[in-house]
Amino acid sequence: MTPEALRSMTFPRAPLTRRGYSEDAVHDALRRAAATLTTVMEENDRLRTDMQRHRDWIRANNIGDGSSPTGVPTVDAVLQQARAQQSAEQTVVAAREQARTMLRAARMQAEAVLQQLREHGGGEGTQEETERLLTYLRQIAQSLTVTVDQYSTKSTPPAPSTAAPAGGGSRHGI
């Protein structure tokens with residue numbers, strides 16, 4: 001039943017002995033209108049209940065229209081977070097590259113030391129010094145490799161340790 005159907009509704013005239021419309025037709029139209037109105041009101045109540053349930057959910061999840069403090073970040077906060085993330089990623093990339101550079105330099109220096117020892121040869125004291133240097137250089141290379149791996153996986157690197165060569169000798173510029 002629509003408003004237009006109600007407006008266009010016509011009723012037959014009552015018999016000649018009575019004035020007005022046929023009571024049966026009017027009562028039938030009123031029953032249909034009441035049934036339709038009841039359906040519309042029930043639907044309206046259901047929609048109001050659903051709307052209230054959605055409002056409650058929105059309040060419970062801190063979602064709002066910006067007129068009151070909510071859990072939804074502002075555009076400025078999102079942009080600031082994006083800039084901070086970009087800066088952090090650039091720092092990680094720079095740290096990775098620096099770790100790779102340090103690792104390459106340590107390896108080249110170890111190669112140079114080994115080459116120098118091969119060229120000059122040496123006695124028994126030199127053999128001990130060579131072993132000590134090799135051990136020290138391996139420790140540095142391993143430490144730098146671990147650092148590179150940690151930066152590659154964006155892990156927090158451990159506190160830097162200052163490994164000293166065994167025997168307390170010089171570090172030969174490493």
Output row, site A14, 7 Å Cα→C-beta label point, backbone N cut-off 16 Å, window region 22-43, residues 22-28
Full extension between E89 and R104 adds, at 0.36 nm per residue less the Cα distance, a length in nm of 3.1 nm
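None of the figures in this text is laboratory data; all of them are computed from the coordinates on show. These figures come from a predicted structure and were not determined experimentally. Using ideal geometry, Cβ is built from the backbone for each residue, glycine included, and neighbour counts are taken over all protein chains shown.
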